[in-house]
Structures are given as structure tokens and as C-alpha cells.
Amino acid sequence: MSVGRAVVTGGAGFLGSHLCERLLDSGWEVLALDNFLTGGPVNVQHLLGQDGFRLLRADITDYVHVAGPVDAVLHFASPASPIDYLQLPIATMKVGSIGTLHALGLAKEKGARFLLASTSETYGDPQVHPQPETYWGNVNPVGPRGVYDEAKRFAEALTMAYRRAHGVDTAIVRIFNTFGPRMRPNDGRAIPTFVRQALHGEPLTVAGDGSQTRSICYVDDLVEGILALLRSDLPGPVNIGNPHEISVLDLAKWIRDLSGSKSSITFVPRPQDDPEIRQPDITQAQRLLGWSPQVPIEEALKQTIAWFREHPDITEIAGEPLAEDLVNHP
């Protein structure tokens with residue numbers, strides 16, 4: 001599709017901020033919407049002086065009106081780390097349900113292409129490995145993680161309902177574990193936790209015995225895959241992630257070594273319903289989008305560690321006092 005005007009919900013979050021950046025670099029005009037619940041305006045502060053970028057404090061679970069034409073709606077608003085959605089269970093469910101309804105309504109009103117940020121968590125603790133898009137998943141709907149997993153599964157179903165019932169041009173991306181600059185150091189996810197602990201000389205806390213696996217993807221690669229899907233006419237769902245599978249224990253040791261840390265490793269209890277394995281089957285993305293990850297994981301980890309080292313004063317990005325000059329009001 002040709003470039004135009006894009007609305008990005010969750011545009012001040014970790015992924016959303018990188019997405020806004022790449023859209024602007026590609027010639028898009030971008031309106032970022034965010035309620036700053038788990039993101040913050042500091043993530044897009046460097047974009048605010050650029051032509052074509054605007055940031056609005058808005059909650060997509062409320063009614064949101066956008067004046068003028070819109071060519072793409074990218075729905076990335078949601079708490080995404082376990083520490084967030086366990087503390088914000090109802091907000092997580094609302095943004096996956098009501099928020100998705102409003103974002104789809106905006107796309108329908110404007111005749112825009114709609115792209116839903118879904119997640120590998122729709123596969124739950126998978127019984128198929130690696131996970132293809134045809135796998136329906138193994139999710140505990142009443143467990144503590146169910147608020148996130150089922151919110152995203154509902155969002156996928158609603159997206160397909162709008163496609164079938166209203167003819168909205170929709171796409172679904174299932175995002176696998178992603179990391180990079182602008183992650184919150186205390187968001188509870190493995191990589192920022194290990195990096196923060198290593199740089200502070202603290203013990204690295206590995207859940208269980210660390211044998212559970214994750215497949216980690218650098219944010220630059222992920223965003224390129226998302227834009228490839230946006231430009232296509234594919235409805236998805238499409239897995240976007242790096243098949244580089246690694247145990248959590250080996251990941252902790254790798255980060256410790258790359259950071260030059262002498263930290264010890266300590267083991268803590270595993271959270272309930274923590275997936276045992278995780279690896280994307282990216283055959284569809286490779287064949288239909290011509291996409292595959294390009295950044296070597298070691299180089300990506302080095303860049304991420306360097307970013308955290310260069311920002312030692314960052315504790316939390318979300319919930320910060322709003323500088324009025326950072327946010328454009330309607």
C-alpha cells in the first residue's frame with residue numbers, strides 16, 4: 001500500500017515508539033495515541049519535532065475521534081509484560097476487547113487498513129513445536145495469565161468478525177518475544193531484568209531451573225516484519241519473530257557475559273502457566289512477505305545492553321509526570 005496517514009494506538013510504548021519511528025522514516029504521517037499506562041512520552045520525545053508526527057494522550061477504551069483521513073490503524077495498545085497485566089488485569093481485558101472494538105470502528109469509518117498486534121501468547125503453553133499459525137493453542141482461560149492471552153484471542157476473533165461482516169481490510173500479526181532499546185528495566189520480562197541486574201552487579205533471577213525456552217527477536221527486525229505485513233494484502237495471522245530458540249538459563253549467562261558482569265545466578269519459582277517452550281514457525285512470513293530476521297542476536301543483545309548502560313537513570317518510563325510540552329492536545 002502507498003504511504004499516507006497512520007494512527008498507532010499504544011504509540012508511546014516500547015514497540016509502538018519504534019513503529020512510529022519507522023513509519024515516519026518511510027514517509028507516513030503518524031498520529032500516536034497513548035494513555036501512558038505502561039508507556040511514556042519520553043519514548044517518542046525525539047519524534048515530536050518532526051513534521052508529520054503528533055502525540056495525543058488518549059485511552060482507546062474510551063470513545064476516540066480522529067479528524068481527517070486515515071489510511072492505516074495499527075492497534076498496539078495493551079499492557080504486554082506479565083508484571084503489567086497481572087497488576088492491571090481489567091485494563092488489559094478492556095483494551096483487548098473495547099479498545100479493539102473502537103480501533104476497528106475507526107478503521108471501518110475511514111476505510112483504512114487495520115493491523116492488530118496479537119501475540120505468541122495466544123498459543124499458551126504449546127503442545128506443538130515450533131508453533132505455526134494453524135495451531136489453535138493451549139491456554140488456561142481462568143489462570144492469572146488468561147487476562148492477556150484471552151484478551152488477544154478475543155481481539156483476533158473480533159478483527160476477523162469485522163473483516164467478514166463489514167469488509168474491513170484487516171491483518172493480524174502474532175508477535176514473539178521482542179527486545180531492544182526503550183524497554184522498561186523493571187517490566188518483569190527476562191531480557192531487561194537480566195540486563196538491569198547484570199549492570200548493577202545483582203544476582204540474575206532465573207525462573208525455575210531455566211530450562212524453559214524463548215525465541216527472541218530484535219525490535220528492528222520485528223518492525224520490518226510488521227511493515228511488510230501492513231504493505232501486503234494478507235489478513236494473517238502471521239507469526240513475526242526470530243526462530244533463534246534459547247533456554248532462559250543460557251540467555252541469562254549470555255547477557256552476563258556480554259555485559260562483563262560478575263553477577264551470580266539465583267533461581268526463583270516459576271510463575272503459574274509459564275510456557276515451557278516457545279518458537280515461531282515463520283515459513284509464512286518468509287514465503288509471502290519475503291521477511292526473515294536479519295540482526296544477529298549477539299549484536300542485538302550488545303546494542304540493548306549498551307542502551308541500558310547509556311541510560312542509567314531510567315527506572316520506569318510509565319506513570320511519569322507529563323511534561324505539557326511533550327504532548328499535543330486535541
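None of the figures in this text is laboratory data; all of them are computed from the coordinates on show. All values derive from a computational prediction rather than experimental measurement. Methodologically, a virtual Cβ is constructed for each residue, glycine included, from the backbone with ideal geometry; neighbour enumeration extends over all protein chains shown.
In this entry, the stretch 1-153 is assigned a mean projected area of 9.6 nm², taken as a quarter of its C-alpha convex hull surface. A cut-off of 5 Å between modelled amide H atoms, ignoring neighbours fewer than 5 places along the same chain, links THR178 with CYS217. Here the Gaussian network model covers the chain, with springs between Cα atoms less than 10 Å apart; of ASN43, ASN138, ASN242, ASN138 fluctuates the most. Each distinct pair of alpha carbons in the stretch 12-93 adds a 1/r term; the inverse of their mean, the Kirkwood radius, is 13.5 Å.
Using the alpha-carbon positions of the stretch 1-51, Rg (one decimal) and Dmax (whole number) come out as 10.3, 32 Å.
A simple spin-label model places pseudo-atoms 7 Å from Cα toward Cβ; at ILE265 and GLU298 they are separated by 1.8 nm.
Just so you know, the averaged projected area of the alpha carbon convex hull for the stretch 145-229 sits at 7.5 nm².
Taking only the Cα atoms of the stretch 81-157, the ratio Rg/Rh comes out at 1.02, with Rh defined as the Kirkwood radius. For the chain, a simple Cβ point-charge model (Lys and Arg +1, Asp and Glu -1, everything else neutral) yields a dipole of about 380 debye relative to the Cα centre. Separation of the stretch 196-242 and the stretch 89-156, taken as the distance between their Cα centroids, equals 17 angstrom.
Only Cα pairs under 8 Å and 6+ residues apart enter the sum, and on that basis the relative contact order of the chain stands at 20 percent.
Charging the Cβ of each Asp and Glu at -1 and of each Lys and Arg at +1, and nothing else, the dipole of the stretch 88-224 about its Cα centre rounds to 440 debye. (i) 55, 46, 37; (ii) 59, 44, 41; (iii) 61, 47, 35: which one is Cα extents along the principal axes in Å as calculated from this entry? For Cα extents along the principal axes in Å, the calculated option is (i).
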